[in-house]
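**Student:** Structure in structure tokens, see below.
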Amino acid sequence: MSGTAPIAVTGLKPQHPPVNVVVVAGPTASGKSALALDIAEAFRGTVINADSMQVYRELPILTAAPDRTARARAPHRLYGVIAADEGCSAGHWRGLAVAEIYAAADAGRLAVVVGGTGLYLRALMTGLAGIPPVPKVVRGAVRDRLGRDGAAALHGELAMRDPVMAARLGPGDGQRIARAIEVLDATGRSLAEWQRPRPGPGAADRLRFLTVLLLPPRAALYAACDARLEAMIAHGAVDEARALGASGLDPRLPAMKAVGLRELLRYGAGEITLEEALRLGRQATRRYAKRQMTWFRNQMTPDHTIDAQYSESNRPEIFSYISNFLLTSTP
């Protein structure tokens, strides 16, 4: 995933020259959104979302999507572009992101892709194999079993049939466990095999990536996660959760898995107090951040890693690296 090695991108503008892309990755509350915005301001860029929850339009507060002030400072793309009653796969997002990257280049702007969804970033930078469509009958049967037997039971089955995928998923991650089983049922192959990097063949389009990864110390990251959750509550997250809960959406939809949403829905239903919802929400946010940290350490080879949250103190170092990348790359 080095900035010096272009990859092929299929399906768009074969006449287009190579395009530079800065990728800002990191766990939640690491400061990556602030960094991406500062990069966009300094280098005339467009911020492109790579967070699987920030694509949903009904969740701007719970997902800490950029506010109006941030959007006024630089163009932002792929935030709130999908309805909560729909799903957004990595492949679908990749197509949207590539289109936005080329639109930014055509406007003379630097594409700044930012997010904490590792699979989205990998799909963009290394490509995805074309997983055959899963028949509705297969998907429906697996989802029915998930609702009836629970995630832990399906995780046990997955551990026997596909230990590689089972090791990647927690026993409570029902949506992804079900996805792994349905792909296995439909194709006879592990989702891990389908997700192996496969650059798109035979295209003239090329993207040159520079990846900046923020990996703060755990204690500092957890404190920032706690502060972010409290800020969300102060800015209306309870009302946002209540509105989503009242919409009658299937709880198995991806948007309904947003971190902190389940706890606030329980509070809204009178099952727990707000204090308890905050406590459980902090736990869920920390677990999520920990999973992200693990993924980035094991699955990404960044060009530049900052072992701290983004701040003014490390901005010169990051900007210098980006300047050198742009100077030594010929678009």
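The values are calculated or read from the model by the stated rules, or taken from the named source; none is laboratory data. What you see is a predicted model; the values in this text were computed from it and never measured. Note that each Cβ is placed from the backbone with ideal geometry, even for glycine, and that neighbours are counted across all protein chains shown. Surface areas here come from the heavy atoms of the whole protein model, side chains and all, with no ligands, DNA or RNA. Shrake-Rupley method; radii C 1.70, N 1.55, O 1.52, S 1.80 Å.
**Student:** Where only protein heavy atoms count, and the probe is 1.4 Å, what is the accessible area per residue for segment 85-186 in Å²?
**Tutor:** On the way: 4300 Å² over 102 residues.
I get 42 Å² per residue for segment 85-186.
**Student:** So how strong a dipole does segment 120-273 carry about its Cα centre when Lys and Arg Cβ are +1 and Asp and Glu Cβ are -1, to the nearest 20 debye?
**Tutor:** Working: 22 positive and 16 negative charges, 113 e Å.
Using only the charged Cβ atoms, the result is roughly 540 debye.
**Student:** Rule-of-thumb check for the chain: C-alpha Rg over 2.2 N^0.38 Å? Display every interim value, and only then the final one.
**Tutor:** Details: Rg = 19.9 Å, N = 331, 2.2 N^0.38 = 20.0 Å.
So the Cα radius of gyration is 1.00 times the expected 2.2 N^0.38 Å.
**Student:** Specify the residue with the greatest mean-square fluctuation among L261, L253, L62, computed from a Gaussian network of the chain linking alpha-carbon atoms under 10 Å apart.
**Tutor:** Result: L253 has the largest fluctuation of those listed.
**Student:** Further question on the same structure: With a ≥ b ≥ c taken as the square roots of the eigenvalues of the C-alpha gyration tensor of segment 15-94, please select rounded if a/c is under 1.5 and otherwise prolate if a/b is larger than b/c or oblate if it is not? Don't skip to the end; give the middle numbers.
**Tutor:** On the way: a/c = 1.74, a/b = 1.20, b/c = 1.45.
Note, shape of segment 15-94 comes out oblate.
**Student:** Another question, then. Computed from the mean reciprocal separation of all distinct C-alpha pairs, what Kirkwood hydrodynamic radius does segment 201-331 have, in Å?
**Tutor:** Working: mean 1/r = 0.0562 Å⁻¹.
It works out to 17.8 Å.
**Student:** Over the chain, calculate the relative contact order: mean separation of alpha carbon pairs under 8 Å at least 6 apart, over the residue count, as a percent.
**Tutor:** Values: 531 pairs, mean separation 104.2, N = 331.
Over the chain, the number comes to 31 percent.
**Student:** In square angstrom, rounded to the nearest 10, how much accessible surface does D226 have for a 1.4 Å probe?
**Tutor:** 30 Å²
**Student:** Another one. Hand me the tally of lysine pairs in the chain: alpha carbons under 25 angstrom apart, and the pair either on different chains or 8 or more positions apart. Walk me through the intermediate numbers first.
**Tutor:** Values: K32/K257; K32/K290; K136/K257; K257/K290.
Value for the chain: 4.
**Student:** Further, regarding this structure: Indicate the gyration tensor shape class of segment 129-177 (rounded, prolate or oblate), computed on the Cα atoms with a ≥ b ≥ c the square roots of the eigenvalues: a/c under 1.5 is rounded; otherwise a/b larger than b/c is prolate and the rest oblate. Intermediate values should be presented prior to the final figure.
**Tutor:** On the way: a/c = 2.07, a/b = 1.15, b/c = 1.79.
Oblate shape, in that a/c is at least 1.5 and b/c is the bigger or equal ratio.
**Student:** Carbon and sulfur together cover what percent of the accessible area of the chain at a 1.4 Å probe radius?
**Tutor:** Working: 8140 of 15120 Å².
So the carbon and sulfur contribution to the accessible surface is 54 percent.
**Student:** Which one of M232, L278, M165 is farthest out on the positive end of the charge dipole of the chain, using unit charges on Cβ (Lys, Arg +1; Asp, Glu -1) and the Cα centre as origin?
**Tutor:** M165
**Student:** Something else about it: Answer with one residue from G147, A178, P133: the one whose Cα lies farthest towards the positive end of the charge dipole of segment 133-178, charges on Cβ with Lys, Arg +1 and Asp, Glu -1.
**Tutor:** P133
**Student:** Label segment 71-138 by shape, choosing from rounded, prolate and oblate, from the square roots a ≥ b ≥ c of the eigenvalues of the Cα gyration tensor; if a/c is under 1.5 it is rounded, and otherwise prolate applies when a/b is larger than b/c, oblate when it is not. Let's see the in-between values first.
**Tutor:** Details: a/c = 2.45, a/b = 1.72, b/c = 1.42.
The shape class here is prolate.
**Student:** Any idea what the dipole of the chain comes to, in debye rounded to 20, about its Cα centre with Lys/Arg Cβ at +1 and Asp/Glu Cβ at -1?
**Tutor:** Details: 40 positive and 31 negative charges, 117 e Å.
That gives the chain a dipole magnitude of about 560 debye.
**Student:** If you place +1 on the Cβ of every Lys and Arg, -1 on the Cβ of every Asp and Glu, and leave all else neutral, what size is the dipole of segment 210-262 about its Cα centre, to the nearest 20 Debye?
**Tutor:** Numbers: 6 positive and 5 negative charges, 41 e Å.
So the magnitude is around 200 debye.
**Student:** Next question, about the same structure. Can you give the accessible area of V138 in Å² (nearest 10), computed on protein heavy atoms with a 1.4 Å probe?
**Tutor:** For V138, the solvent-accessible surface is approximately 40 Å².
**Student:** Only bridges whose two residues both fall in the chain count here: according to DSSP, what percent of them are antiparallel, nearest 5? Don't skip to the end; give the middle numbers.
**Tutor:** Numbers: 2 of 25 bridges.
Here the share of antiparallel DSSP bridges comes out near 10 percent.
**Student:** Figure the gain on full extension for N324 and K290 (residue separation times 0.36 nm, minus the Cα-Cα span) and round it to one decimal in nm. Spell out each step's value before the answer.
**Tutor:** Details: separation 34, 0.36 × 34 = 12.24 nm, distance 3.16 nm.
That works out to 9.1 nm of additional length.
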